[in-house]
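Participant: Below you'll find the structure I mean.
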Amino acid sequence: MADNHTKAAFRVDRAGGFTLLELIVTIAVAAILLAVAIPSYRSMVQRNALAANVNDLVGDLNYARAQAVTRGQDVFICSSRNQTSCSTDGDWSQGWVLYVANDPATVNPTPATSQLLRAHGAADAGFSLMTTETAPLSFNSSGFTLSGNRTFVATTSEGTQSTTIGIAVTGRVEVERDTSS
């Protein structure tokens, strides 16, 4: 009888767990799901970054227009690589500045610090913002643009996502997102 009691004390129940085959199948399913999800996630991140950068420009364009009306004087916005003077290459990816001119007849491409209203730094990496017009965009005291219609094209570095920002002579800013991607 002592023998049965000792055997019962050393009896080991089989522990619950995964077999090697179950583990391999689980890892394979997870790998397939990740392979499908990562490209979609990357596309979503690019789309959101593009939207954020476009919203920055649209916000500053609307701010410039509102300031022109509020101040009763012309307000200018131009591309800028150093956030202190205007660039003339049509590349707004490096940033832009908003400023007022003391004498609108002689618009200075390097406004004085006292004339600056706002400066925006370079856009996120992997993003470009271009326009064919190189002169500063200006709004008059009525909120109209003095420089005519303007179109900006914002794209991701891969060119898979794009957005067009149009400014009418009336000063209205319109955003058109490319829905093909």
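The values are calculated or read from the model by the stated rules, or taken from the named source; none is laboratory data. Quick caveat, the model's predicted, so the values are computed rather than measured. Cβ placement follows ideal geometry from the backbone for every residue including glycine, while neighbour counts extend to all protein chains displayed.
Participant: Looking at this structure, is Thr160 surrounded by 13 or more Cβ atoms within 10 Å (Cβ to Cβ) and more than 18 Å from Ala66 (Cβ to Cβ)?
Facilitator: Taking the combined requirement at face value, the residue satisfies it.
Participant: Quick check: is even one residue across region 91-102 crowded, with 17+ Cβ neighbours inside 10 Å, over 22 Å from the mean Cα position of the chain (by Cα), of a type in the set (A, V, I, L, M) and not in a loop (DSSP other than H, G, I, E, B)?
Facilitator: Yes; the residues of region 91-102 include at least one that is crowded, with 17+ Cβ neighbours inside 10 Å, over 22 Å from the mean Cα position of the chain (by Cα), of a type in the set (A, V, I, L, M) and not in a loop (DSSP other than H, G, I, E, B).
Participant: Is it true that Gln94 is of a type outside the set (Gly, Ala, Ser) and at negative phi?
Facilitator: yes
Participant: For region 44-63, indicate whether the set of residues that are in contact with a strand residue (DSSP E or B) (Cβ under 7 Å, 6 or more places away or on another chain) and small (Gly, Ala, Ser) is non-empty.
Facilitator: The answer is yes; a qualifying residue exists.
Participant: Okay, next question. Filter region 163-176 down to residues that are surrounded by fewer than 20 Cβ atoms within 10 Å (Cβ to Cβ) and among the polar types (S, T, N, Q) and give me whichever is farthest from Ala68 (Cα to Cα).
Facilitator: Ranking the candidates gives Thr164 first.
Condition check ((1) out of contact with any His (no Cβ under 6 Å at 6 or more places or on another chain); (2) charged (D, E, K, R); (3) at pLDDT below 90) across all residues:
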position	(1), (2), (3)
Ala66	yes, no, no
Val69	yes, no, no
Ser87	yes, no, yes
Ala101	yes, no, yes
Ser114	yes, no, yes
Arg118	yes, yes, no
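Participant: So which residues in region 111-159 are part of a loop (DSSP other than H, G, I, E, B) and within 16 Å of the chain's Cα centre (by Cα)?
Facilitator: Gly121, Ala122, Ala123, Asp124, Ala125, Gly126, Ser157, Glu158, Gly159
Participant: Of everything in region 45-82 that's in a helix (DSSP H, G or I) and acidic (Asp, Glu), which residue is nearest to the chain's Cα centre (by Cα)?
Facilitator: Within region 45-82, the match that is nearest to the chain's Cα centre (by Cα) is Asp56.
Participant: Quick one: Tyr99 ticks every box in (1) touching a helix residue (DSSP H, G or I) at 6+ places or on another chain (Cβ under 8 Å); (2) free of Cβ contacts under 8 Å to residues at least 12 places away in the same chain; (3) hydroxyl-bearing (Ser, Thr, Tyr) bar one, so which box is it?
Facilitator: Tyr99 satisfies every listed condition except (2).
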